[in-house]
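Visitor: Handing you this structure, nothing more for now.
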Amino acid sequence: MRKAVDIFDLMRDTAKIKVYEIIREYGPITRAEIKHITGMKLTTLSRILDELSDKGLIMQTGFDVSGGGRRPVLFAIVPSFAYAVGIDISRTYTKAALFDMALKMVDSYTMDMDESCTPQSVIERLAAWLDGTAVDKDRVLGIGIGTVGSITPDGIMKHSRDFPSRGWDMVPIKHMMETYTGLPVVVANGADCAVMGEYSCGKAAKRSGVIAYIIIGIGIRCGIMVDGAVVSGLNEQEDAFGHMVVDIDGKLCGCGNYGCLETYCSIPAIMTSYASHIKKYRSNDDLPLSRLVFRDFCAALEKGDEIALRVADDSAAYLAAGLANFARLLNPQLIMLGGPLINDCHRIYDVAVEMAYKRLYGNGSVKTHIFDEGLLSNQAVCTGAAAMIINTTLYRSGANAMRESRDNTNRLSRIKLS
Ligand SMILES: [Zn+2]
């Protein structure tokens, strides 16, 4: 049997891909509706639909309501025709998931990142998981990876800070993963993948205008899309939002500046603040401060512990200022927040969002819904990474798919944002 990726390859740059993409996006859809979108002649379209059906890419799923006469046939993609792997490599966990062509997750694997998680061992474990899945590898189009820090065009992770294990500096992650799995790999920033995931099949599905996804964990990462394409920040830094200055006389940040948001609202910032509060206010506390971990803080917060609440609310106040600045500047349709700090400390999200709305609209009723947790939670990065490899396969724009879409968007965004 021919590989799924080869079948798409043969259709490259043809009207067949266009028809397939329309059915993937809008299906179930009738022949007349596809004709209306593409402007194709009915004979050409019918020939393409027959060919896509013969190859197993699409199927007839039923009939639309009749407008008088015969009821029109509805076409949809065959989700199991091919699969894509999406991987989220972060400093707290690594998650991999297998998706069908409808971006439905069919299998997944998660590992916590600890001192043993070198790039080599992480990739070995991911490759072993993929070998163990029930899907035939010939059906897998490739692997999308969303990760931390800036990435070179040939898929090398540059100077990624704060991984629990050594070895995460200048990691040729694309090359390593391709060698271990024999599959094509594309690499992008995790935050870009998250916003693309929510845009592909989540809360921001097909939203035009500005949408953003902010991941808060060890650091803060932010991905932005404008009218369906990812926009890059200065020097492609996805951590720019985290280094927004929210206190000019504030704490020293790892970037060399003072008062960056990341020094108030990130897991390390919260743990430092929590430990110093405990030391100050609970000298007889029997919990050894050196062994205090993020999970302890979350548990204390859950129980309504006074100190944990104070630390969370202080942190949320800075996040609120950052969110309000961001919203004022970019006038976004939606800013989604995720990552371990948001998923595990709901209080911080609730307080920050309430304060950000107050900053934007005063004490009156909220006028526009801007802030949201998104639909995909800790699957957002994997989903977007899988969407990225599917898009790359369909459009054959190679490993620079994200970059190219950014270049196009940069021109567009200047018009849209001004
Ligand atoms: Zn900074």
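The values are calculated or read from the model by the stated rules, or taken from the named source; none is laboratory data. Since the structure is predicted, the reported quantities are computational estimates derived from the model, not experimental observations. With ideal geometry, Cβ positions are generated from the backbone for all residues, glycine too; neighbour counts draw on all protein chains shown.
Visitor: Does the stretch 375-390 contain any residue that is over 24 Å from residue 214 (Cβ atoms) and at pLDDT 85 or above?
Guide: Yes - at least one qualifying residue is present in the stretch 375-390.
Visitor: Go through (1) over 25 Å from the mean Cα position of the chain (by Cα); (2) surrounded by 21 or more Cβ atoms within 10 Å (Cβ to Cβ) for residue 89 and report which single condition fails.
Guide: (1)
Visitor: Please state which of the following conditions residue 145 fails to meet, knowing it meets all the rest: (1) surrounded by 14 or more Cβ atoms within 10 Å (Cβ to Cβ); (2) part of a loop (DSSP other than H, G, I, E, B).
Guide: Of the numbered conditions (1) surrounded by 14 or more Cβ atoms within 10 Å (Cβ to Cβ); (2) part of a loop (DSSP other than H, G, I, E, B), the odd one out for residue 145 is (2).
Visitor: Quick check on residue 323: is it modelled with pLDDT of 90 or more and within 21 Å of residue 238 (Cβ to Cβ)?
Guide: The answer is yes for residue 323.
Visitor: Return the residues of the stretch 240-269 that are free of Cβ contacts under 8 Å to residues at least 40 places away in the same chain, part of a loop (DSSP other than H, G, I, E, B) and either more than 8 Å from the ligand (Cβ to nearest atom) or within 14 Å of residue 339 (Cα to Cα) (or both); say none if nothing qualifies.
Guide: Of everything in the stretch 240-269, those that are free of Cβ contacts under 8 Å to residues at least 40 places away in the same chain, part of a loop (DSSP other than H, G, I, E, B) and either more than 8 Å from the ligand (Cβ to nearest atom) or within 14 Å of residue 339 (Cα to Cα) (or both) turn out to be 240, 248, 249, 250, 251, 259.
Visitor: Within the stretch 3-11, is there a residue that is surrounded by fewer than 12 Cβ atoms within 10 Å (Cβ to Cβ), within 29 Å of the chain's Cα centre (by Cα), on the phi < 0 side of the Ramachandran plot and without any contact (Cβ under 8 Å) to a residue 40 or more places away in the chain?
Guide: Yes, the stretch 3-11 contains at least one residue that is surrounded by fewer than 12 Cβ atoms within 10 Å (Cβ to Cβ), within 29 Å of the chain's Cα centre (by Cα), on the phi < 0 side of the Ramachandran plot and without any contact (Cβ under 8 Å) to a residue 40 or more places away in the chain.
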